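Here's the structure we're looking at; comments come further down.
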Amino acid sequence: MISIPKDDFQQIFVKDLMISSEKVAHVQMGNGLEHALLVLVKSGYSAIPVLDSMYKLHGLISTAMILDGMLGLERIEFERLDEMKVEQVMKEDIPVLKLDDSFAKALEMTIDHPFICAVNEDGYFEGILTRRAILKLLNKKVRQHNR
């Protein structure tokens, strides 16, 4: 069993590990599904944050959500890409971390999600914390203690 002292993680917070909002692809409320699909494909992400014009976080949108929104009873209705907006298919009930949330909380949340959006105390989008960042830190700490 691997044992890492608890003290190694007590001073690590979400803000220390996250990717800042300036580097994260996103779409805004009111954007069409065609635009959202282009952003998703070009960025290579499977899901991206949905923000309002003030950069408050409202949810996530994914390629799968867009495709689901285009499905008709008998065919894929591509014309819906022009007609529908991101808020019609996005997921609003998403996990969110605050900037000062602990490493332990972040670790627990990333078990079920590849990334978690981080917001400030007013709900403004600040960035994302990825499972990759969590695993990199864990790997570093394990290697340090195995020396």
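Values quoted throughout were computed directly from the atomic coordinates according to the rules given, and no laboratory measurement underlies them. What you see is a predicted model, and the numbers here were worked out from it, not measured in a lab. FYI the Cβ positions are ideal-geometry reconstructions off the backbone, even for glycines, and counts take in every protein chain you see.
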Handout entry: Alpha-carbon centroids, the range 87-106 and the range 40-63: separation in whole Å
Key = 13
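Once you have the Cα-Cα distance between residue 29 and residue 124, take 0.36 nm times their residue separation minus that, and quote the gain in nm to one decimal. All intermediate terms of the calculation are to be shown ahead of the outcome.
Values: separation 95, 0.36 × 95 = 34.20 nm, distance 1.41 nm.
So the chain would gain 32.8 nm between residue 29 and residue 124.
Tell me the mean residue ellipticity at 222 nm calculated for the chain from its helices only (DSSP H runs of n ≥ 4, each -39500 (n - 2.57), averaged over every residue, nearest 500).
Values: 7 runs with 54 residues, N = 147.
Mean residue ellipticity, 222 nm, calculated: -9500 deg cm²/dmol.
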Problem - Rounded to 5, the percent of DSSP beta bridges in the range 7-145 classed as antiparallel - result: 75
Practice task
Would you indicate which of (i) 22.1, 76; (ii) 17.9, 61; (iii) 19.7, 65 is the value of Rg and Dmax of the Cα atoms in Å derived from the coordinates of this structure?
Solution key: (ii)
Exercise for the section: Beyond 23 Å between alpha-carbons counts as too far, so tell me which of 98/136; 23/98; 85/105; 15/140 fall in that bin. Expected result: 85/105
Exercise for the section: For residue 38 and residue 108, compute 0.36 nm times the residue count separating them, minus their Cα-Cα distance, and round to one decimal in nm. Expected result: 22.0 nm
Handout entry: Inter-label distance for residue 77 and residue 138, nm, one decimal - labels placed 7 Å from Cα along Cα-to-Cβ
Key = 4.3
